[in-house]
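**Q** Sharing a structure here in structure tokens format.
The values are calculated or read from the model by the stated rules, or taken from the named source; none is laboratory data. Since we're looking at a predicted model, the values are computed, not measured. FYI the Cβ positions are ideal-geometry reconstructions off the backbone, even for glycines, and counts take in every protein chain you see. The accessibility values were calculated without ligands, DNA or RNA, using every heavy atom of the protein model including side chains. Shrake-Rupley method; radii C 1.70, N 1.55, O 1.52, S 1.80 Å.
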Amino acid sequence: AQAADRPAIRLNQAGYEAGGRIGMTIAADDAAPLRWRVTDGAGTVRAEGLTRPFGADAASGERVHQVRIDALQAGDYSVAVDGRRRAFRVAPRPFATLKRDALAYFYQNRAGVPILARHVERPDLARAAGHPEEVVTCFSGRDQRGADWPGCDYRLNVTGGWYDAGDHGKYVVNGGIAVWTLVDAYERGRRRNLAPFADGAADIPEAGDGVDDLLNEARYELEFLLAMQIPDGARTAVLVDGAPRVIDAGGLVHHKVADRAWTALPMAPADDPQPRLLYPPSTAATLNLAAVAGQCARVWRDVDPAFADRCLAAARRAYAAAKARPGLLADNRFDGSGAYGDDQVADEFYWAAAELWATTGEAAYAADARASAYWLGAPGAGASSTGDISWGQVGALGTIALASAPALPEAERRAARDALTAAARAYLAEGETQGYALPRGGDRFEWGSNGALMNRAMILGLAHDFTGEPAFRQGVVDSLDYLLGRNPLDQSYVSGWGERPMRHPHHRFWAAGSGPGWPEPPAGALSGGPNNTAMSDEIARPMRGHCAPLACWADHIDAYSLNEVAINWNAPLVWVAAFVDPDPVP
Ligand code: 9MR
């Protein structure tokens, strides 16, 4: 898909908020402003004005103009500019059901249980349980770099949790950030007396149990993460100076459970022919558990105290184990699953210390957080403590925990809020440099750029909470506009949303077009998005050097570096969708 064959008026295909500011982008070479005109269904002109010529836009490779309409009442409209015309919708709550659809992603990627027809939007989305009894032992044999692993003499029951993405791996590092994001959406809602997922709001088996559905969905993964922790007294091999060595591993957390070799596509989870194995523990995975179990201990305290106690014990044990083994770094050496390798875990230490401090108020965790290079008071910390969030960069998550923790001195909470607000302000400034108004400057977009954008939108949402400044909320809406069609490919990157939704994600079950019976994705799944930095699949490779940065994308099942879906990208979509419309789905 190249930009040239797309209509030149790019807008949010799912609709704009009544009374809100409306932003569109027009691809046009003209240097002078163009007249635009909005008419309603009866042909009456409801608004008109002149475009703002933006000029050359590096990220899209186009020359563009921007249209800004200050407010319209709910209704169906069309906009005409430069001899072209396009319909659009204005509604009181255009995003009302986005949060529900985005959260449904998680139920439908649960491992260990059947996905029931009564909880999904179409019968073809139901499927048999994948890996229903996942009682597994450690990888043994030679890895891809020639190291020989001895295996271990225990098994862990790690049934459940969510599949990570298009593959059937379950990775603690990515599970951690995804759980954190959902639970943070809950905690943020509670601070503001909002409950976007009050019991029964989501279509999940737990609905009706009296517990918020966001917590139920997150707990499904948390139970899995807890199960990945190695029992006291157990021994397993880790990499020491490039060679496997058996150590006392109690308290550490396995990095992942995954297939021995990559499986074919499509592949229903229930039909996976590969052996499932535990891969060596890592410091990063251990700290991910410490952080989210620490968060769990705080959030579940008044929901399920016994679970909160269990989380706290696991978090303390994980934190201590990570401190004792700070150098267990996952790298890329096994077939059959992604690496999630990370050679810098100071941010994970800061995040875990911050969560445990926020939860317990204890001096030892405070001291560790304060001693971190990510601590806001540390020389040069600023950027990293509030910088872009990803599975491997979690410094800002620690700062978010500190920003609202009642256990902390107000001056420190304020410093955290101010630093996050400053980051958000910089994102808005970057948005000014983009013809398509996304709050992300430059022309380099990484694997999962849409997820990264949603993480920025979350920071913008928090800045709005802290300051009440409307510009921050507008930045969140601009981000959603971009995802839902205001982009050079005229593409909605969310399945089931907009006129031209993503339909062919890299996913082993949502594999429509691969043969009879494979379903299209349910509504609400977010494509990884444009990627012009690591175009590694067979669809992306030939596009290298031939696509403008924001056009390096294809709606193709094999395009895993462009069009995969993943828990860590859908989670901030849930957060953001609940932010823009926190009220119950009508
Ligand atoms: O999201 C990950 C991205 O940051 C990495 O560049 C990429 C390559 O290592 O891997 C991505 O994560 C994938 C994981 O390794 C396996 N499951 C699917 C994930 C999404 O593509």
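**Q** Condition first: open to solvent by less than 20 Å² (accessible area, probe 1.4 Å), within 14 Å of the ligand (Cβ to nearest atom) and either farther than 16 Å from E217 by Cα or touching a Leu at 6+ places or on another chain (Cβ under 6 Å) (or both). Now tell me which residues in region 565-585 satisfy that. Don't jump to the end; show me each part of the working.
**A** Taking region 565-585 first, the residues open to solvent by less than 20 Å² (accessible area, probe 1.4 Å) are 565-568, 570-581.
Within this subset, residues satisfying the condition of being within 14 Å of the ligand (Cβ to nearest atom) are 565-568, 570-572.
Once the filter is applied, which keeps residues that are open to solvent by less than 20 Å² (accessible area, probe 1.4 Å), within 14 Å of the ligand (Cβ to nearest atom) and either farther than 16 Å from E217 by Cα or touching a Leu at 6+ places or on another chain (Cβ under 6 Å) (or both), region 565-585 yields V565, N570, A571.
Okay, residues lined up against (1) touching a residue at least 40 places away in the same chain (Cβ under 8 Å); (2) surrounded by 17 or more Cβ atoms within 10 Å (Cβ to Cβ):
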site: G23; (1), (2): yes, yes
site: P33; (1), (2): no, no
site: R63; (1), (2): no, yes
site: V67; (1), (2): yes, yes
site: F88; (1), (2): yes, yes
site: A91; (1), (2): yes, no
site: R100; (1), (2): yes, yes
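**Q** Looking at A315 and the list (1) surrounded by fewer than 24 Cβ atoms within 10 Å (Cβ to Cβ); (2) of a type in the set (G, A, S); (3) touching a residue at least 40 places away in the same chain (Cβ under 8 Å), which single condition is not satisfied?
**A** (1)
**Q** What are the residues in region 233-262 that are assigned to a loop (DSSP other than H, G, I, E, B) and either closer than 14 Å to C152 by Cβ or open to solvent by less than 40 Å² (accessible area, probe 1.4 Å) (or both), if any? Let's see the steps before the verdict.
**A** Initial filter on region 233-262 (assigned to a loop (DSSP other than H, G, I, E, B)): 233-234, 241-242, 249-252, 260-262.
Those that are assigned to a loop (DSSP other than H, G, I, E, B) and either closer than 14 Å to C152 by Cβ or open to solvent by less than 40 Å² (accessible area, probe 1.4 Å) (or both): G233, A234, A249, G250, G251, L252, A261.
**Q** Which residues, taken from region 69-86, are open to solvent by 70 Å² or more (accessible area, probe 1.4 Å) and among the polar types (S, T, N, Q)?
**A** Q73
**Q** (1) surrounded by fewer than 24 Cβ atoms within 10 Å (Cβ to Cβ); (2) of a type outside the set (D, E, K, R); (3) within 14 Å of the ligand (Cβ to nearest atom): which one isn't true of P501, the others all being true?
**A** (3)
**Q** How many residues does region 398-420 contain that are surrounded by fewer than 22 Cβ atoms within 10 Å (Cβ to Cβ) and assigned to a helix (DSSP H, G or I)?
**A** As a first pass, look at region 398-420 and keep what is surrounded by fewer than 22 Cβ atoms within 10 Å (Cβ to Cβ): 404-415, 417-419.
Filter again for assigned to a helix (DSSP H, G or I), leaving 404, 410-415, 417-419.
Matching residues across region 398-420 total 10.
**Q** A further question follows. Sort out which residues of region 35-66 are out of contact with any Lys or Arg (no Cβ under 8 Å at 6 or more places or on another chain), hydrophobic (A, V, I, L, M, F, W, C) and under 30 Å from W553 (Cβ atoms), and write them in order of number.
**A** Hits for region 35-66 are W36, A58, A59, V64.
**Q** Looking at region 443-473, which of its residues are within 16 Å of the ligand (Cβ to nearest atom) and under 27 Å from A27 (Cα atoms)? Before you say what the answer is, go through the steps one by one.
**A** Here is the first cut: in region 443-473, the residues within 16 Å of the ligand (Cβ to nearest atom) are 444-456.
Those that are within 16 Å of the ligand (Cβ to nearest atom) and under 27 Å from A27 (Cα atoms): R444, F445, E446, W447, G448, S449, N450, G451, A452, L453, M454, R456.
**Q** Name the single residue, out of those in region 551-564 being open to solvent by less than 10 Å² (accessible area, probe 1.4 Å) and outside any loop (DSSP other than H, G, I, E, B), that is nearest to the ligand (Cβ to nearest atom). So that I can check it myself, show each step before the final result.
**A** Narrowing region 551-564 to residues open to solvent by less than 10 Å² (accessible area, probe 1.4 Å): 551-553, 559, 561-563.
Next, from what is left, pick out any that are outside any loop (DSSP other than H, G, I, E, B): 551, 561-563.
Details: A551: 20, S561: 7, L562: 10, N563: 10 Å.
Taking the candidates together, the pick is S561.
**Q** If you take the residues of region 505-528 that are open to solvent by 50 Å² or more (accessible area, probe 1.4 Å) and either under 19 Å from the mean Cα position of the chain (by Cα) or farther than 17 Å from D101 by Cα (or both), which of them is farthest from the ligand (Cβ to nearest atom)?
**A** Going through region 505-528, the residues open to solvent by 50 Å² or more (accessible area, probe 1.4 Å) turn out to be 513-514, 516-518, 520.
Applying the additional criterion that residues be either under 19 Å from the mean Cα position of the chain (by Cα) or farther than 17 Å from D101 by Cα (or both) yields 513-514, 516-518.
Details: G513: 20, S514: 18, P516: 26, G517: 24, W518: 19 Å.
Here the answer is P516.
Conditions tested, residue by residue: (1) within 16 Å of the ligand (Cβ to nearest atom); (2) modelled with pLDDT of 95 or more; (3) within 22 Å of G451 (Cα to Cα).
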site: L312; (1), (2), (3): no, yes, no
site: A320; (1), (2), (3): no, yes, no
site: P326; (1), (2), (3): no, yes, no
site: G341; (1), (2), (3): yes, yes, yes
site: G380; (1), (2), (3): no, no, no
site: S384; (1), (2), (3): no, no, yes
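**Q** With respect to G327, is the statement that it is touching a residue at least 12 places away in the same chain (Cβ under 8 Å), more than 14 Å from R219 (Cα to Cα) and over 20 Å from the mean Cα position of the chain (by Cα) true?
**A** Values: touching a residue at least 12 places away in the same chain (Cβ under 8 Å): yes; more than 14 Å from R219 (Cα to Cα): yes; over 20 Å from the mean Cα position of the chain (by Cα): yes.
Spelling it out, G327 is indeed touching a residue at least 12 places away in the same chain (Cβ under 8 Å), more than 14 Å from R219 (Cα to Cα) and over 20 Å from the mean Cα position of the chain (by Cα).
**Q** A further question on this structure: Those residues that are over 23 Å from I9 (Cβ atoms) and either within 16 Å of the ligand (Cβ to nearest atom) or more than 20 Å from the chain's Cα centre (by Cα) (or both), I need them from region 429-442; list them, please.
**A** Of all residues in region 429-442, those over 23 Å from I9 (Cβ atoms) come to 429-430, 441-442.
The answer is A429, E430, G442.
**Q** Just to be sure, is A373 without any contact (Cβ under 8 Å) to a residue 12 or more places away in the chain and not basic (K, R)? Working first, answer last.
**A** On the way: without any contact (Cβ under 8 Å) to a residue 12 or more places away in the chain: no; not basic (K, R): yes.
No.
**Q** I'd like to know if region 529-549 contains one or more residues that are open to solvent by 30 Å² or more (accessible area, probe 1.4 Å), touching a His at 6+ places or on another chain (Cβ under 8 Å) and within 14 Å of the ligand (Cβ to nearest atom). Lay out the reasoning, then the answer.
**A** So the first thing to find is which residues in region 529-549 are open to solvent by 30 Å² or more (accessible area, probe 1.4 Å), and the list is 532-534, 536, 538-539, 541-546.
With touching a His at 6+ places or on another chain (Cβ under 8 Å) added as a condition, the list becomes 539.
Among the residues that remain, those that are also within 14 Å of the ligand (Cβ to nearest atom) are: 539.
Among the residues of region 529-549, at least one is open to solvent by 30 Å² or more (accessible area, probe 1.4 Å), touching a His at 6+ places or on another chain (Cβ under 8 Å) and within 14 Å of the ligand (Cβ to nearest atom), which makes the answer yes.
**Q** Going through A71, A129, A96, A165 one at a time, which residue ends up being over 30 Å from W180 (Cα atoms), touching a residue at least 12 places away in the same chain (Cβ under 8 Å) and part of a loop (DSSP other than H, G, I, E, B)?
**A** Working: A129 fails: over 30 Å from W180 (Cα atoms); A96 fails: over 30 Å from W180 (Cα atoms); A165 fails: over 30 Å from W180 (Cα atoms).
Result of the check over A71, A129, A96, A165: A71.
**Q** While we're on this one: Among the residues of region 387-397, are any more than 16 Å from the ligand (Cβ to nearest atom) and surrounded by fewer than 24 Cβ atoms within 10 Å (Cβ to Cβ)?
**A** no
**Q** Any idea which of L265, L277, L356 is assigned to a loop (DSSP other than H, G, I, E, B), at pLDDT 95 or above and of a type in the set (A, V, I, L, M)?
**A** Details: L277 fails: assigned to a loop (DSSP other than H, G, I, E, B); L356 fails: assigned to a loop (DSSP other than H, G, I, E, B).
Step by step, each of L265, L277, L356 is checked, and only L265 is assigned to a loop (DSSP other than H, G, I, E, B), at pLDDT 95 or above and of a type in the set (A, V, I, L, M).
**Q** Here's a follow-up. Being of a type in the set (K, R) and open to solvent by less than 10 Å² (accessible area, probe 1.4 Å) is the filter here, so list the residues in region 139-192 that pass it.
**A** Narrowing region 139-192 to residues of a type in the set (K, R): 142, 145, 155, 170, 188, 190-192.
If the condition is that a residue be of a type in the set (K, R) and open to solvent by less than 10 Å² (accessible area, probe 1.4 Å), then K170 is the only one that fits.
**Q** For region 442-456, which residues satisfy the criterion of being in a loop (DSSP other than H, G, I, E, B) and within 24 Å of I177 (Cα to Cα)? So that I can check it myself, show each step before the final result.
**A** Our first condition is that a residue be in a loop (DSSP other than H, G, I, E, B); within region 442-456, this holds for 442-448.
Answer for region 442-456, where residues must be in a loop (DSSP other than H, G, I, E, B) and within 24 Å of I177 (Cα to Cα): R444, F445, E446, W447, G448.
**Q** Looking at (1) in contact with a Leu (Cβ under 7 Å, 6 or more places away or on another chain); (2) of a type outside the set (A, V, I, L, M); (3) within 16 Å of the ligand (Cβ to nearest atom), which one does W351 not meet, given that it meets all the others?
**A** With (1) in contact with a Leu (Cβ under 7 Å, 6 or more places away or on another chain); (2) of a type outside the set (A, V, I, L, M); (3) within 16 Å of the ligand (Cβ to nearest atom) applied to W351, the lone miss is (3).
**Q** Follow-up. Would you confirm, using the coordinates I've provided, whether A346 is open to solvent by 10 Å² or more (accessible area, probe 1.4 Å), of a type outside the set (D, E, K, R), within 16 Å of the ligand (Cβ to nearest atom) and over 19 Å from L222 (Cα atoms)? Working first, answer last.
**A** Values: open to solvent by 10 Å² or more (accessible area, probe 1.4 Å): yes; of a type outside the set (D, E, K, R): yes; within 16 Å of the ligand (Cβ to nearest atom): no; over 19 Å from L222 (Cα atoms): yes.
Answer is no for this residue.
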